[in-house]
Amino acid sequence: MCFQGEIDAREDSFRATAEAGQLLLDREHYASEEVKEKLVVLASEKTSLLSMWEERRILYEQCMDLQLFYRDTEQADTWMAKQEVSAFTFVSS
């Protein structure tokens, strides 16, 4: 789906940001504590995003299945109505 493509397209950006943050930590940057906090937030938010997307994907699939079910039942109902008319006509003759 298109939303998964958006997330995948930004994977390099997530990775580059995490690597840059880790490099700052490895070099013992003066703001290492803040960088560490931001990396934790980044990882947490990404996990949350992926989880939310998975929930939405499942919901979208369920909605699609429901719409297909409605279509199929409508077709079956139309077919049965035609068969009913044919049967009635046959019995009446």
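Of the listed requirements (1) in a helix (DSSP H, G or I); (2) of a type outside the set (Gly, Ala, Ser); (3) at pLDDT below 95; (4) over 22 Å from the mean Cα position of the chain (by Cα), Val40 misses just one: (3).
Scan region 72-93 for residues that are assigned to a helix (DSSP H, G or I) and among the hydroxyl-bearing types (Ser, Thr, Tyr) and jot them down.
Thr73, Thr78, Ser86, Thr89, Ser92
Residues in region 5-35 that are loosely packed, with under 13 Cβ neighbours inside 10 Å and polar (S, T, N, Q): 1 in all. Can you find a residue that is outside any helix (DSSP H, G or I), among the aliphatic types (A, V, I, L, M) and over 19 Å from Phe3 (Cα atoms) anywhere in region 59-71? The answer is no, given that none of the residues of region 59-71 is outside any helix (DSSP H, G or I), among the aliphatic types (A, V, I, L, M) and over 19 Å from Phe3 (Cα atoms).
The set of residues from region 26-48 being of a type in the set (A, V, I, L, M) and either more than 24 Å from Glu11 (Cα to Cα) or out of contact with any Gly (no Cβ under 6 Å at 6 or more places or on another chain) (or both) comprises Ala31, Val40, Val41, Leu42, Ala43.
The values are calculated or read from the model by the stated rules, or taken from the named source; none is laboratory data. Just so you know, these numbers come straight off a predicted model, no measurement behind them. When we count neighbours, we look across all protein chains shown, and the Cβ atoms used for this are built from the backbone with ideal geometry, even at glycine.
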